[in-house]
Amino acid sequence: MVLGIFREAQGAAPSSRQIGETLTTNRGVEATTVMIEPMRKNAIGVGRCLPRTGTLVVAGRGDGHGATWAVA
């Protein structure tokens, strides 16, 4: 699911917060802070693992929202 969000971003570099919000919406769960936070942590975990495989690259820091990644 997370990699699909990167593909849909079409070159944009979403932050973990943006990915968490999108995951929450995609799963049909109410987008509250309590629900977004675990999704955000999941996105951070994926963001840390996939650069090792060459799938994602760290794109920088985004507007105070933490790390951003992009499809390699």
Quiz item: What tally of residues in segment 59-68 results from selecting those that are loosely packed, with under 13 Cβ neighbours inside 10 Å and either of a type outside the set (D, E) or modelled with pLDDT of 85 or more (or both)?
Solution: 3
Quiz prompt | Test: residue in segment 5-16 that is at pLDDT 80 or above, open to solvent by 30 Å² or more (accessible area, probe 1.4 Å) and touching a helix residue (DSSP H, G or I) at 6+ places or on another chain (Cβ under 7 Å) | solution = no
Practice problem: Being farther than 16 Å from R7 by Cβ and over 13 Å from the mean Cα position of the chain (by Cα) is the filter here, so list the residues in segment 61-72 that pass it. | Solution: D63, G64
Exercise. Identify the residue in segment 25-39 that is open to solvent by 60 Å² or more (accessible area, probe 1.4 Å) and hydroxyl-bearing (S, T, Y) and, among all such residues, is nearest to G4 (Cα to Cα).
Key: T25
Quiz item: Within the set of pairs 6+ apart or on separate chains, which have a first residue in segment 45-58 that is surrounded by fewer than 12 Cβ atoms within 10 Å (Cβ to Cβ), a second that is assigned to a loop (DSSP other than H, G, I, E, B), and C-beta atoms under 6 Å apart?
Solution: G54/A72
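The values are calculated or read from the model by the stated rules, or taken from the named source; none is laboratory data. These numbers were taken from a predicted model, which means no experiment stands behind them. Using ideal geometry, Cβ is built from the backbone for each residue, glycine included, and neighbour counts are taken over all protein chains shown. Remember, those area values only see protein heavy atoms, side chains included, never the ligands or the DNA or RNA. Shrake-Rupley method; radii C 1.70, N 1.55, O 1.52, S 1.80 Å.
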